[in-house]
1. By how many degrees, between 0 and 90 and to the nearest 10, does the Cα long axis of helix 307-321 differ from the longest principal axis of the chain?
2. Give me the accessible area per residue for segment 1-104, probe 1.4 Å, as a whole number in Å².
3. Could you tell me what % of all Cα pairs in the chain have separations over 38 Å?
4. Only four residue types carry charge here, +1 at the Cβ of Lys and Arg and -1 at the Cβ of Asp and Glu. Report the dipole size of the chain about the Cα centre in Debye, rounded to the nearest 20.
5. Among the listed pairs K65/K114; K48/K102; K417/K437; K213/K259; K31/K115; K332/K374, which have their C-alpha atoms separated by more than 21 angstrom in this model?
6. Based on the mean of other beta carbon atoms within 10 Å per residue, what is the order of 175-182, 388-395, most packed first?
7. Cα centroid distance between segment 215-255 and segment 369-391, in Å?
8. Along the positive direction of the dipole of the chain (beta-carbon charges: Lys, Arg +1; Asp, Glu -1; about the Cα centre), which of S354, L212, Q39 reaches farthest?
Amino acid sequence: MEGGGNLEASVEKLLNVEKQMRLAGDVAGTKKAVTEILQLCFEARAWKTLNEQIVVLSKRRGQLKQAVTAMVQQAMQYIDETPDLETRIELIKSLNNVSAGKIYVEIERARLIKKLAKIKEEQGLIAEAADLMQEIAVETFGAMAKTEKIAFILEQVRLCLDRQDYIRAQILSRKISPRVFEVDPSKEKKKPKEGDALVEEAPADIPSLLELKRIYYELMIRYYSHNNDYLEICRCYKAIYSIPSVKENPSHWTPVLRKICWHLVLAPHDPMQSSLLNSTLEDKNLSELPNFKLLLKQLVTMEVIQWTALWNMYKEEFDNEKNLLGGSLGDKAAEDLKQRIIEHNILVVSKYYSRITLKRLAELLCLSIQEAEKHLSEMVVSKALIAKIDRPMGIVSFQIAKDSNDILNSWSANLEKLLDLVEKSCHQIHKETMVHKAALKA
């Protein structure tokens, strides 16, 4: 009790000093008095008194901003020294209440919320942790370091994905532009101009920009895996593959390049997929993976691929990769792979045939007539190719897709022909009229 009495007397003395300094407008003196009060409470391990003093000092009339900032920063150092979890949560909540709505301690508040969210997550309360993190909009904090902002938003995205809130995860991920990772950090450091807001240094536990880039794309892979958007997953792996630390180490780039190849094969055929396919084939590192190089070459070559032969050859590779495809795709990925091979084969057939019987098409695709017709119809609906099926005759007619310019040119040529015919007809009529008039006059 004697120690408690000494603490109360010492705090009372310092509160009087703090009052004099505050009313005199002495910033340095007020800051020193405030931090001394907190230090006394901390050394006495009087956590309840510490919480009370933080609230009391922040609410004093005309309290200086610098004093509140110093007090919050000082108290934040004590969080890791707390004896138990309950005391830690109480201290964080007290500091959170003090810093709420104060723009000059917004960065400190963001860091406090992050600590509290981590505690909630460790307790298994992921939904609560995600809700806490979403309260803070760090993209509006001018004084926060760029890497710290990115790390905070990525933490928000991760928690949303953990609670399977994919819509909010997408909205939050759009706050980060992928171009921000392409900036060279060594060139970016420049002296702030006069009048500019000073940007704080990021804490030591914040990863580097390249590490954040890898975390960002790994989270985006988790998001796109939910929709089975293979092309976007492939682009994310491409971005990870371009990170210098990954590209320099064969043990790092080999699994990433394998994933790029698998997702390229699984992605539906479109111009972006073709472009990525060709750029991946030109990669020198692909020669280290001969099986995958052969697989991509088969897709680029305009020849029919036998599904059974391909599956027998790559089934083992596919099963090994199943755990690494960015989630438990399993049977769905195998079905999609078969679908892509069928689509490739139909495109090959449409290149070489203008007309083909459904029976022959089914034989080339190793499918029944009904299945061949179903896949062909799906491709026509998705506008991957133009074809017409004469069901009574059992004949498929393929047409070359025309763009708007070709259609306009053909219309223009037809109009020219029509006008020529009209002109010739008028000339013939005029000629006949002249002949008849001459015959009448005679």
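The values are calculated or read from the model by the stated rules, or taken from the named source; none is laboratory data. Keep in mind the model is a prediction, meaning the values are calculated, not measured. Here the Cβ positions follow ideal geometry from the backbone for every residue, glycine too, while neighbour counts run over all protein chains shown. The area values use the complete protein model at the heavy-atom level, side chains included, leaving out ligands, DNA and RNA. Shrake-Rupley method; radii C 1.70, N 1.55, O 1.52, S 1.80 Å.
1. 10
2. On the way: 5890 Å² over 104 residues.
Here the residues of segment 1-104 average 57 Å² of exposed surface.
3. 52
4. Numbers: 63 positive and 62 negative charges, 305 e Å.
The calculated dipole for the chain is roughly 1460 debye.
5. On the way: K65/K114 23 Å; K48/K102 23 Å; K417/K437 30 Å; K213/K259 18 Å; K31/K115 25 Å; K332/K374 19 Å.
Violating the 21 Å limit, Cα to Cα: K65/K114; K48/K102; K417/K437; K31/K115.
6. Details: 175-182: 13.5, 388-395: 11.8.
Ranked by mean Cβ neighbours within 10 Å, highest first: 175-182, 388-395.
7. Rounded to whole Å, the Cα centres lie 34 Å apart.
8. Sorting the options by dipole projection puts first S354.
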